[in-house]
Every structure is written in structure tokens, then in C-alpha cells.
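Have a look at this one before I ask anything.
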Amino acid sequence: MSVTDHGPPLDAGLVADFLARSADLDARTSQEGIDGTLDDLAKLGLEPGDAVIVALSNSMRTVRIYLATLLLGLVPIAIAPRTPPARIRRLADTLEARALLAARPDPDRYGAAATQAVGGVEAVLLGGATPPEQAQRARPEDDAAPPYRAGQVLISTSGTSGAFSACLHRAAALLRNARRHAAAVGMTAGDTVLVNLPLYYSYAMVAQVLAAYATGARIVVTGPPFTPAGYESAIVAHGVTHSSLTPELARRLLAHGVLPSGPRVMTIGGDQIHPSQVARLLSARPDGELYLTYGLTEAGPRVLTLAAHAEPAHRHASAGRPLPGVRTSLRAATGELLVESDTVLERKIGGPPAERTLIAPGRIATGDVFAIDDDGYHYFRGRLSDFAIIRGEKVSLSGLRQTVNALAGVVRCGLRLAEAADGESVLDLEIAVTDPRPDTEARLRSELNSLLLPAERPRAIRIAAADPEDFHK
């Protein structure tokens with residue numbers, strides 16, 4: 001396998017083997033080979049370095065198409081399949097993308113005459129690209145060279161950095177990060193990895209798909225949407241040994257009393273999880289391994305890992321220590337975490353001024369505030385912007401969300417700053433729970449009043465039912 005940073009880092013034979021040993025819930029897409037997809041992509045007339053938008057739902061077909069673009073030296077960016085056409089057009093303009101791959105795109109919405117079949121989906125050429133059968137070249141001779149080069153990848157930025165921006169990475173660097181993460185969470189060639197997180201997030205594509213490819217593991221692709229019953233069924237049906245969840249999905253499992261013992265390894269990432277919930281996860285799986293991870297797309301993406309099952313309880317609030325090859329430090333004035341690694345983004349494209357800034361080659365400012373103890377364990381304290389002055393007191397919004405999310409039955413908490421009649425700032429909460437009842441608001445307010453300082457207590461609480469169709473990172 002080639003791991004150079006100046007060309008396609010994947011090996012076609014290894015990709016074919018990886019796809020053959022993996023599966024999803026649709027046997028038809030699981031059995032499709034790579035050769036036909038490569039042929040279809042080649043017929044589009046694109047050049048190495050051309051950007052391609054992949055707007056497809058989770059499936060082995062999506063994985064196959066994504067890896068095929070890399071094998072041909074194209075530069076993919078995966079996005080949510082329900083992204084509106086107007087938003088796709090704006091993103092395509094920002095990124096100078098040359099094609100869209102989607103299930104059933106309407107070519108009229110993208111200024112194209114027709115679609116072309118590619119590996120079981122449809123392609124639309126963008127930006128005036130012309131099908132090869134209608135022109136000698138898909139790109140006129142006087143057009144500028146592609147803005148990217150073979151071996152690069154575009155990934156949507158983390159968090160709230162902007163809907164029309166992306167991080168430009170080297171595919172070889174993503175594979176390097178995937179290998180480091182796989183080693184840190186004990187992924188081996190004997191594992192079956194359940195991929196139920198959206199493939200358009202770096203957590204799934206790098207820390208699961210590329211990690212499994214690099215280690216020789218197999219993947220099983222499901223959802224979203226996520227349901228506890230569907231999760232349990234997939235684990236039993238496919239013999240899953242390695243599973244990754246966000247804290248919200250873990251809370252759903254805990255709330256429903258569903259926590260299959262089958263997976264040897266569970267990893268939690270994408271947000272902070274309360275130590276009490278870590279304790280419950282460990283108690284439910286006394287023989288299993290549980291890893292907490294921290295990362296961000298701009299870092300390539302994984303940064304920190306904690307083997308919670310091997311640590312004392314007082315460290316369950318930690319995100320762990322850096323992966324090999326990753327160096328961290330804190331800004332003296334703010335406590336902002338700085339990350340230095342050979343896997344960070346090359347540059348950011350589009351969007352507002354970056355919250356997470358490339359401050360030097362290979363070094364980023366994360367925008368996240370941490371504390372680091374004498375043993376090198378990192379403790380998340382919130383975002384730089386995650387503080388508000390409420391009734392004259394400085395309130396950590398991150399800490400407040402953690403407190404609410406730790407309450408029984410709570411799946412997700414949303415905060416909104418508002419202004420009271422007297423001009424003072426106040427907080428309103430929207431809390432999604434698994435089983436809303438008439439007394440839920442009163443119960444949660446009573447519990448919160450016993451836990452929160454006066455300035456932290458919300459003015460209003462709105463209760464909503466957690467929607468299993470939603471996914472929140």
C-alpha cells in the first residue's frame with residue numbers, strides 16, 4: 001500500500017478485498033464490485049484533482065464510490081444526502097466541484113442536460129463540464145488546472161464553522177490518523193466494525209472505514225436513523241465486535257436499557273459525555289473495553305483517547321492523552337488547546353473566518369478550552385465562545401449542557417440566550433427526552449434547581465420528544 005502524500009494512497013487490490021469482506025443491510029449493494037464503479041467514474045471525463053460531491057446515504061455502495069474516487073485521483077467530499085440543491089450548488093461553487101454523485105439528482109437544478117449512471121447512483125457534471133461524448137475534452141484547453149491534486153480529500157468542517165466550508169486534507173495523512181486511532185482503541189484484523197454514524201462525518205469515514213481498511217477489519221454499514229432496537233439487531237446479526245457512538249446515542253441506549261454485551265470494544269466520540277454515564281456504560285459491560293475519544297475534522301481527525309475501562313473513576317471526565325505523533329499545548333491566557341500533528345488539514349476553503357485556525361503548517365488552534373494534569377490527561381472545559389454573563393455571573397454553557405444531559409431520560413439539551421424585560425440576559429432550555437410526560441418539566445426543573453447556581457437556572461424549559469430520525473453530532 002502506498003502511503004505517500006502526493007498521489008492516491010489506496011491500493012486497488014486491497015480496496016477490492018476490503019469491500020468483499022464487508023457488508024450492509026442490503027445484500028445487493030454489498031455484492032457490487034469496484035471495477036464497474038471505476039469504469040463508470042472514468043467515463044465522466046474528470047481529471048485527477050477534480051472535486052466530486054458525494055451526497056449519498058449510508059451503505060456499502062457509498063463506501064465503494066467514495067474509495068473509487070480516491071483510486072482515480074479525484075477529490076471527494078461527502079455530504080448529507082438530504083442537502084437541498086440550492087445549498088449543494090453554493091457548496092459546489094465554493095469548492096469548484098466538477099460533479100455531484102447522488103441517488104436521483106434532478107439535472108435541471110444543476111444546469112445540466114442529463115445524468116450519467118455511476119455504480120448504481122447518478123452523476124451530474126457541474127460548472128459547465130461537458131460529457132466526453134459531446135466534446136473532445138471534458139475540460140476546455142484554456143480552463144485553469146484543477147484547484148486540487150490527486151491524493152487530497154475534502155471534509156466538511158467541524159461544529160459550527162460554516163455550512164459552505166471544508167477542510168482540505170491529504171488522504172495519506174487521514175490513513176495515518178486512522179491507523180493511530182485503530183491502535184489506540186484496539187481495532188484489529190479480526191474485528192467486525194459497525195458503522196452506524198453518518199459517513200459524511202470524519203468520525204465514521206476516517207476513524208471507522210479507513211481504520212478498518214488499514215487494519216484488515218471488516219465493516220457492517222447501517223443507518224442513520226438510529227434506534228436502540230436496530231442497533232441491537234445489527235450487532236447480533238453480524239457479530240459486531242467494535243462499535244462507535246456519540247454521547248447522545250449512548251444516552252439513548254442507557255435510557256432504553258439496551259446495551260448489548262456483544263461488542264468487545266465501544267468508543268464514544270463527537271462530544272463530551274458525563275462521568276456518571278461512563279460509569280453506567282462500564283457497569284453494563286464489565287468485560288468490555290470502553291474508549292473515550294476527542295478529535296476534530298481540522299486535526300485529521302482524532303487527537304486524544306482514554307481507555308476508560310483501564311482508568312480509575314476520577315479520570316472518567318477526561319478525554320485522555322494524545323495519540324502517538326500528536327503534540328498538544330495550551331494558550332497561557334485562555335487555556336485554548338493547540339494541536340500539532342502531521343495529520344492536520346492543509347488549508348480551509350470557504351466559510352466564515354475559521355474558529356479553528358491553522359496557525360502554522362501542521363499546527364491548529366482548536367477553539368476548545370482544556371486543562372491538562374501533571375500526567376498528561378486532558379479535560380475539556382468548553383468552547384472559547386461557550387461562556388455567557390447571566391445576571392452578572394460568568395456561566396459555562398458547556399458545563400450546563402453536561403449537567404442537563406446527565407439527568408435520567410435526557411437525550412439532548414439545547415440552550416438559547418434571551419433578554420428579559422429588564423434587559424438582563426437569561427437562559428431558555430429545550431430538552432429532548434425519551435418519554436415525555438405531563439410532569440417531566442416540573443421534575444427536571446426541580447432536579448436542576450438542586451444542582452445549579454441561581455445564575456445557571458433557566459427562565460423557561462421546553463420539553464420535546466427525542467426524534468429517532470434525527471442525528472446530532
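Can you list the strands (runs of 3 or more DSSP E) lying wholly within the stretch 314-406 that have 2 or more residues being buried (at least 17 other Cβ atoms within 10 Å of the Cβ) and acidic (Asp, Glu)? Full working, then the answer.
Numbers: elements: 327-330, 336-340, 347-350, 357-360, 363-372, 378-383, 387-390, 393-396.
Once the strands (runs of 3 or more DSSP E) in the stretch 314-406 are filtered for at least 2 residues that are buried (at least 17 other Cβ atoms within 10 Å of the Cβ) and acidic (Asp, Glu), what remains is 336-340.
Out of ALA103, ALA68, ALA92, ALA97, which single residue is over 19 Å from ILE155 (Cβ atoms) and among the hydrophobic types (A, V, I, L, M, F, W, C)?
So the residue among ALA103, ALA68, ALA92, ALA97 that is over 19 Å from ILE155 (Cβ atoms) and among the hydrophobic types (A, V, I, L, M, F, W, C) is ALA103.
What is the number of the single condition among (1) polar (S, T, N, Q); (2) surrounded by fewer than 18 Cβ atoms within 10 Å (Cβ to Cβ); (3) in contact with a Ser or Thr (Cβ under 7 Å, 6 or more places away or on another chain) that GLN208 does not meet?
(2)
Quick grid of which residues meet (1) small (Gly, Ala, Ser); (2) touching a Ser or Thr at 6+ places or on another chain (Cβ under 7 Å):
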| site | (1), (2) |
| --- | --- |
| PRO361 | no, no |
| ALA365 | yes, yes |
| ASP368 | no, no |
| ASP375 | no, no |
| TYR379 | no, yes |
| ASP386 | no, yes |
| ILE389 | no, yes |
| VAL395 | no, no |
| LEU400 | no, no |
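Let me ask you something else. In the stretch 322-348, how many are among the basic types (Lys, Arg) and under 20 Å from the mean Cα position of the chain (by Cα)? Spell out the reasoning first.
Of the stretch 322-348, the ones among the basic types (Lys, Arg) are 327, 331, 347-348.
If we keep only those that are under 20 Å from the mean Cα position of the chain (by Cα) as well, we get 347-348.
Here the count works out to 2.
Where in the stretch 1-84 are there helices (runs of 4 or more DSSP H), lying wholly inside it, with at least 2 residues that are modelled with pLDDT of 95 or more? First the steps, then the outcome.
Values: elements: 12-21, 27-30, 34-42, 60-71.
Passing ranges, in order: 12-21, 34-42, 60-71.
Still on this structure, please answer the following. Does the stretch 319-336 contain at least one residue that is acidic (Asp, Glu) and out of contact with any Asp or Glu (no Cβ under 8 Å at 6 or more places or on another chain)? Walk me through how you get there before you give the answer.
Pass one, the stretch 319-336, residues acidic (Asp, Glu): 336.
So of that shortlist, the ones also out of contact with any Asp or Glu (no Cβ under 8 Å at 6 or more places or on another chain) come out as none.
Checked against the condition, which is being acidic (Asp, Glu) and out of contact with any Asp or Glu (no Cβ under 8 Å at 6 or more places or on another chain), the stretch 319-336 yields no hits at all.
Which residue, of ARG176, ARG170, is in contact with a strand residue (DSSP E or B) (Cβ under 8 Å, 6 or more places away or on another chain) and either crowded, with 18+ Cβ neighbours inside 10 Å or at pLDDT below 95 (or both)?
Values: ARG176 fails: in contact with a strand residue (DSSP E or B) (Cβ under 8 Å, 6 or more places away or on another chain).
That would be ARG170, the only listed residue that is in contact with a strand residue (DSSP E or B) (Cβ under 8 Å, 6 or more places away or on another chain) and either crowded, with 18+ Cβ neighbours inside 10 Å or at pLDDT below 95 (or both).
This table checks each residue for (1) touching a Lys or Arg at 6+ places or on another chain (Cβ under 6 Å); (2) surrounded by 18 or more Cβ atoms within 10 Å (Cβ to Cβ); (3) β-branched (Val, Ile, Thr).
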{"position": "GLY414", "(1), (2), (3)": "no, no, no"}
{"position": "GLU419", "(1), (2), (3)": "no, no, no"}
{"position": "ASP422", "(1), (2), (3)": "no, no, no"}
{"position": "SER425", "(1), (2), (3)": "no, no, no"}
{"position": "ASP428", "(1), (2), (3)": "yes, no, no"}
{"position": "ALA432", "(1), (2), (3)": "yes, yes, no"}
{"position": "ALA442", "(1), (2), (3)": "no, no, no"}
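Something else now. Suppose we filter HIS314, HIS378, HIS309, HIS274 for residues that are at pLDDT 95 or above and within 23 Å of the chain's Cα centre (by Cα); which single one remains?
HIS378
Given the criteria among the hydroxyl-bearing types (Ser, Thr, Tyr) and at pLDDT below 90, does THR130 qualify? Don't jump to the end; show me each part of the working.
Values: among the hydroxyl-bearing types (Ser, Thr, Tyr): yes; at pLDDT below 90: yes.
Against the criterion (among the hydroxyl-bearing types (Ser, Thr, Tyr) and at pLDDT below 90), THR130 qualifies.
How many residues are surrounded by fewer than 22 Cβ atoms within 10 Å (Cβ to Cβ), over 21 Å from VAL433 (Cα atoms) and within 21 Å of the chain's Cα centre (by Cα) if we restrict to the stretch 236-264?
Qualifying residue count for the region: 1.
Related question: Quick check on this structure: which one of THR241, THR267 is closer than 30 Å to THR366 by Cα, touching a strand residue (DSSP E or B) at 6+ places or on another chain (Cβ under 7 Å) and either of a type in the set (S, T, N, Q) or modelled with pLDDT of 95 or more (or both)? Before you say what the answer is, go through the steps one by one.
Details: THR241 fails: closer than 30 Å to THR366 by Cα.
Going through THR241, THR267 in turn, just one is closer than 30 Å to THR366 by Cα, touching a strand residue (DSSP E or B) at 6+ places or on another chain (Cβ under 7 Å) and either of a type in the set (S, T, N, Q) or modelled with pLDDT of 95 or more (or both): THR267.
The values are calculated or read from the model by the stated rules, or taken from the named source; none is laboratory data. No experiment lies behind these values; they were computed from the predicted model shown. Don't worry about glycine lacking a Cβ; one is built from the backbone with ideal geometry, like all the others, and counts go over all protein chains shown.
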